[in-house]
Amino acid sequence: MGRQLEQMKSDLNVAQSELRELREQDEQGPRRSDPVEDAAAVDCAAEVERFNLAIRASSGRLTENSGLRDYLSHILSTCSELLEVEFGHVFTFDPTDSTFEFTVGLRSGQIYFVPRPDDPTLFSGRHAAIDFPVYRESRARPRTTSLTCEEIRSPPPAQIAQWFATRSVGQTMTLLLLTGDRPVGFIGLGFLGAPGFRRSQIEFFHAIANHAALSLELHHLAEQARRSAVVEERNRLAREIHDTLAQGFAGISVQLEAAKRILPRSPEKAMECVTEAIGLARHGLSEVRRSIWDLRPSDLDGGDLESALRRLIARLRSVSQAALALEIHGVLVRLAPMAEHELFRIAQEALSNSIRYAHAQRITVDLTSATDAIELSITDDGRGFNLIAASVTEGFGLINMHERADRIGAGLTVSSDLGSGTRVNVKLMVIAGSIAND
């Protein structure tokens, strides 16, 4: 993508260079004695200067992060002012289904974004790109970002040509907008009568159209980034919901099932389980509320990772028959909040899996601080699982742990086999007492 943008910048520089050459030729050429020719030369030089100023203004607006429609409106308005365009339109290309869609139009100096009632039907909705001659011609010959007079005089579709004819449009200029060799849209202009085009006008249209192509590509990249951010946020929320509601409900379920099992012979013990389930429900509700506010586990409030793990293990001891141990090695450094958050959630997920699925009798959490790394491991003696099979059908919990490790640049490994227990290990490199990738 970067190479395509660089190519477009190169094309713009070439066009601007040619405009400067025209201006220099007009300014430095020998004086003519013919007053008519002198006046024409002055007019030509003034026109080139106007074109240069317009291109610089267009470049400036491109960096202002204005909306796509606003920028394309500026492009059409500039063409209307400097090229005396009566009609103009820009269509955007959708590569997913190879269609063009009307984006912005100009008529008699007025910009509009919604097709007017008397516009051609091609101005409404999406239409197959192959229906447009400018696209068909680009497929029939090798594409190029260079522009010649012939290449921009592709006739409009018959429907639009007929519509132009009823409005005294005698000449059109249409240009496929490319980034590299990939279409992003096209721009078409319609002129009253048949004015003919000077080379300076052709080159100006080329330069200004490349600006339009660049704005479409930047908009496309911004949309891609936005969609990626939405997906990432959706996954993050899914992880938080899994780590609050799902884990909380699992604990409540364990307590209520125990209460049901022992109720006939020990109502007092059953009531203790119900009381614990109520406590878990309240804690889960608190976690959900906290997640809504800042998506940071309440166990980390006012403390560090070690204290949060101690509280988590103490809570799990009250709902599980497994022997849980926390071992600390070295002097722990305080990590960035995001790193502590993700490590805590990984430990929470691994412990939950050991209790709920592995039915482990002994579980050890080991937190080790070395000079350049923090290492967290959770080891159990449970039933284990087949890693090869799990790589094909792994549940959300295992995916969740890998994603959390990736977010902070940590390495996560899982070792397990049927009947041999499971070990989850996370290693995070640190620099000068802080997370390396903070």
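Remarks
- GLY395 vs. criteria of a type outside the set (S, T, N, Q), assigned by TED's automatic domain parsing to the domain that holds VAL430, out of contact with any Pro (no Cβ under 7 Å at 6 or more places or on another chain) and modelled with pLDDT of 90 or more: no
- Test for ARG407: is it more than 27 Å from LEU280 (Cα to Cα), of a type in the set (D, E, K, R) and within 27 Å of the chain's Cα centre (by Cα): yes
- Among the criteria (1) at pLDDT 85 or above; (2) closer than 21 Å to GLU101 by Cα, the one PHE191 does not fulfil is (2).
- Cβ-Cβ distances below 8 Å connect the following pairs, each with a first residue in segment 394-406 that is closer than 15 Å to SER354 by Cα, a second residue that is of a type in the set (Ser, Thr, Tyr) and modelled with pLDDT of 70 or more, and a separation of six or more residues or different chains: GLY397/SER352.
- Residues that are more than 18 Å from LEU316 (Cβ to Cβ) and buried (at least 22 other Cβ atoms within 10 Å of the Cβ), drawn from segment 355-384: ILE374
- Count - residues of segment 104-124 that are crowded, with 17+ Cβ neighbours inside 10 Å and out of contact with any Phe, Trp or Tyr (no Cβ under 6 Å at 6 or more places or on another chain): 4
- Restricting ARG116, ARG107 to residues that are more than 25 Å from the chain's Cα centre (by Cα) and modelled with pLDDT of 90 or more narrows the list to ARG107.
The values are calculated or read from the model by the stated rules, or taken from the named source; none is laboratory data. Just so you know, these numbers come straight off a predicted model, no measurement behind them. So basically every Cβ, Gly included, is an ideal-geometry build from the backbone, and we count neighbours across all protein chains shown.
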